[in-house]
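Okay, structure first, notes after.
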Amino acid sequence: MTQRSQHFSQFGFEAARRTPRQGLHGHSFRCATVSAQKLPEDDIKKLQKTLNYSDLKEIFNVESDIGVALNIAEQLPSVEELCLYAGERSGVLLSMGDSYQWRRYRFEAAHFLPNVPEGHKCGRLHGHGFEVTLLAPLRWSAESLDEHWQPLYERLHGHCLNRIVGLENPTSEVLAEWIWRQLIDSITDLLSVDVRETVTAGCRYDGQTHRIWKQQEAECAVQLAGFDEPMGHSYRVRLHLEAPLDKVMGWTQDYGDVKTQFQPLYRQLDHHCLNEILPSGEPSDLAVAEWLRQGLGEALPALNRIDVHSTPEEGAILEWGAALATAPRLVI
């Protein structure tokens, strides 16, 4: 089966800029990228050194998020996708030649899932700090997205979701689609809505397809070529699945079932040395993703992408099937 592998990189920098509303101020910026090949480490360090503790106006002669992102992309010509985080709640995305504004919101609410089997923990009344990310073309400013989100926030925050019309079975997938339908008449070119109930699970709805991901960390040792001593990483493994929505359950697949199916391979990874597990003996992020694909294909037929990050700054993306046509690839 055709597959595609890509490299993930990210770096941060502290910089100052001026805006008409806020004047001179600073941000902890973060830049995440996707490219076919690993970005040269020296290029990243040089760019980071240039940007860190700088005045962006003096560096790029621009200060807007999109201006900064476009200038960084020019310095990294092999990048296929780039996301600039101006803090953790707002930024811009460059993907497939297009530019997008994204904005992340949070609300606190209770819910329960009425159709799960008896004894399922999600059938009990419980709650989350939900996070919602809106992605729209750049013609929508952060402030305009805020204006459209505020009425929804007032309906969702501090409430039991099951009591809201249309959210009687408020799974992540149902909630993402509900938010989409509330906004699409006013934000007519809304690209996607992402919903996270927790930091380890999320759903994206784009008007047609529900995609979910489930994440887990594995503590692994590695023996790298050219090094006398073994070292280790906290590997972040993120499994992406795409399937039609189950109209009764309200999900593509139970997050808990995804975790359960992953457990046999996870136990082989966690607190072990990767050199002893991987057939190649070469513990790259891509090798881990390919090993996981081989082991999970039958257990999770809806799986079509695996992300493996050995560090927050580096990782691999392995995609196949419908995921090959999915953009953007970065999970904001």
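The values are calculated or read from the model by the stated rules, or taken from the named source; none is laboratory data. Small disclaimer: the values here were computed from a predicted structure and weren't measured. Positions of Cβ are backbone-derived with ideal geometry, glycine not excepted, and every protein chain shown enters the neighbour counts.
Among what's in region 223-262 and is of a type in the set (A, V, I, L, M) and not in a loop (DSSP other than H, G, I, E, B), pick the residue that is nearest to residue 113 (Cα to Cα).
If we take residues in region 223-262 being of a type in the set (A, V, I, L, M) and not in a loop (DSSP other than H, G, I, E, B), then 258 is nearest to residue 113 (Cα to Cα).
In region 149-162, which residues are surrounded by 14 or more Cβ atoms within 10 Å (Cβ to Cβ) and touching a strand residue (DSSP E or B) at 6+ places or on another chain (Cβ under 8 Å)? Those that are surrounded by 14 or more Cβ atoms within 10 Å (Cβ to Cβ) and touching a strand residue (DSSP E or B) at 6+ places or on another chain (Cβ under 8 Å): 149, 153, 156, 159, 160, 161, 162. For residue 238, the requirement of being surrounded by 15 or more Cβ atoms within 10 Å (Cβ to Cβ), out of contact with any Phe, Trp or Tyr (no Cβ under 6 Å at 6 or more places or on another chain) and of a type in the set (D, E, K, R) is not met. Listed here are the strands (runs of 3 or more DSSP E) enclosed by region 64-118 that have at least 1 residues being basic (Lys, Arg), touching a residue at least 40 places away in the same chain (Cβ under 8 Å) and under 30 Å from residue 253 (Cβ atoms): 98-111.
Filter region 140-157 for residues that are in contact (Cβ under 8 Å) with a residue 40 or more places away in the chain and not aliphatic (A, V, I, L, M) and give the result. Scanning region 140-157 gives 140, 141, 146, 149, 153, 157. A search for C-beta distances below 6 Å between a residue of region 309-332 that is free of Cβ contacts under 8 Å to residues at least 40 places away in the same chain and any residue that is assigned to a loop (DSSP other than H, G, I, E, B) and among the hydrophobic types (A, V, I, L, M, F, W, C), counting only pairs 6+ apart in sequence or on different chains, returns nothing. The number of residues in region 149-180 being out of contact with any helix residue (DSSP H, G or I) (no Cβ under 7 Å at 6 or more places or on another chain), assigned to a loop (DSSP other than H, G, I, E, B) and small (Gly, Ala, Ser) comes to 1. Starting from residues that are over 30 Å from residue 102 (Cα atoms) and charged (D, E, K, R), keep the ones in region 195-235 and report whichever is surrounded by the most Cβ atoms within 10 Å (Cβ to Cβ). Out of the qualifying residues, it is 219. Among the residues of region 16-53, which ones are modelled with pLDDT under 90, more than 24 Å from the chain's Cα centre (by Cα) and in a strand (DSSP E or B)? 17, 18, 19, 23, 24, 25, 26, listed by residue number.
Residues in region 67-75 include none that are more than 29 Å from residue 190 (Cα to Cα), of a type in the set (A, V, I, L, M, F, W, C) and not assigned by TED's automatic domain parsing to the domain that holds residue 159.
Considering only region 288-309, state which residues are more than 15 Å from residue 6 (Cβ to Cβ) and either of a type in the set (Asp, Glu) or crowded, with 18+ Cβ neighbours inside 10 Å (or both). Hits for region 288-309 are 291, 292, 296, 298, 300, 303. For region 123-148, the candidate set comprises residues that are under 20 Å from the mean Cα position of the chain (by Cα) and assigned to a helix (DSSP H, G or I); within that set, the residue that is surrounded by the most Cβ atoms within 10 Å (Cβ to Cβ) is 145.
Scanning region 64-95 for residues being more than 14 Å from the chain's Cα centre (by Cα) and farther than 18 Å from residue 134 by Cβ gives a total of 14.
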